[in-house]
1. Compute the semi-axes of the equivalent ellipsoid of the stretch 75-148, taking the square root of 5 times each eigenvalue of the Cα gyration tensor, and list them largest first in whole Å.
2. Kindly identify the stretch 179-227 as rounded, prolate or oblate by the Cα gyration tensor criterion: order the square roots of the eigenvalues as a ≥ b ≥ c, call it rounded if a/c is under 1.5, otherwise compare a/b with b/c, prolate if a/b is larger, else oblate.
3. To make sure I understand, if each residue's beta carbon is the centre and we count other beta carbons within 10 Å, what order do M202, M225 fall in, fewest to most?
4. Would you work out the Kirkwood radius for the stretch 21-253? I mean one over the mean of 1/r across all pairs of different Cα atoms, in Å.
5. How large are Rg and Dmax for the stretch 165-254 when only the alpha carbon atoms are used, in Å?
6. In nm, to one decimal, how far is the E162 label point from the N40 one, both placed 7 Å along Cα→Cβ?
7. Which pairs in the list K109/K250; K16/K161; K77/K133 are over 26 Å apart, alpha-carbon to alpha-carbon?
8. Estimate the FRET efficiency between K16 and K249 by the formula 1/(1 + (r/R0)^6), using the beta-carbon distance for r and 41 Å for R0, to the nearest 0.05.
Amino acid sequence: MFAYVFHDEFVASMIKIPSDTFTIVPDFDIYYVYGFGSGNFVYFLTLQPEMGNGPATGSSSTGREQVYTSKIVRLCKDDTAFNSYVEVPLGCVKGGVEYRLLQAAYLSKAGAILGRSLGVGPDDDVLFTIFSKGQKRRPREASQESALCVFALREINERIKERLQSCYKGEGTLDLAWLKVKDIRCSSALLTIDDNFCGLDMNAPLGVSEMVQGIPLFSDSTDKMTSVIAYVYKNHSLAFVGTKSGRIKKVGGH
């Protein structure tokens, strides 16, 4: 999952998916869609299989069809032991339609106008994302329905802090899909968890169960969006999206 970056006699920067997980989902592949750094942290946007009660359909197997969840993973930049690993599910809803399959993402600044509607400052980081409809990944029959959504990174970080605080009070389990087979409970510890907390050799890796919902800016049901880039121009946050048919569309954040 994450390979070695640091290794000595006692500590290694490695996170390993338990072998028991592969008995439930034999093809447990995590797709890394986008990565970036912000402040003291690095982030990875991923598409992960959901854990069920039995084997799921793979490319050549039979059974139920695999369902996926989009997640953002956060780590502290200087955390050589990966004790700060936390992942949060992301998604978007517009007009009663759920968009849960992450296709692309891009980090930008909010700008004054979009920042005002998100409740953040103009220089705050925001994440523009493209999601396609549903949670089932069908390469040959992929849905053409997609949505451009935006997340305030501050909201994601706040959700992570709240989860860390509750876990270090001993509430709940580590709540990671690929760690469910172990169902490890959170351990209590008396310490202050602030915005820059980087974890200990306990309660890690950690998951957040409740999905953070992005703000939908634009959706398309006929020409699937597949890429995005954004920047701020005269206080306006502008996004340019590429589509499956090769078109480019400009969308203003407001």
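Only the coordinates and a few stated rules stand behind these numbers; no lab work does. The structure presented is a predicted model; accordingly, all values stated were derived computationally and were not measured. No Cβ is skipped: glycine too gets one built from the backbone with ideal geometry, and neighbour counts run over all protein chains shown.
1. 26, 21, 10
2. Working: a/c = 3.73, a/b = 2.21, b/c = 1.69.
Since a/c reaches 1.5 and a/b is larger than b/c, the shape of the stretch 179-227 is classed as prolate.
3. Details: M202 12, M225 25.
Least to most surrounded, the residues fall as M202, M225.
4. Details: mean 1/r = 0.0536 Å⁻¹.
About 18.7 Å for the stretch 21-253.
5. 20.4, 55
6. For E162 paired with N40, the spin-label model returns 2.1 nm.
7. Values: K109/K250 17 Å; K16/K161 24 Å; K77/K133 33 Å.
Listed pairs above 26 Å: K77/K133.
8. Numbers: r = 41 Å, r/R0 = 1.01.
For K16 and K249, the calculated efficiency is 0.50.
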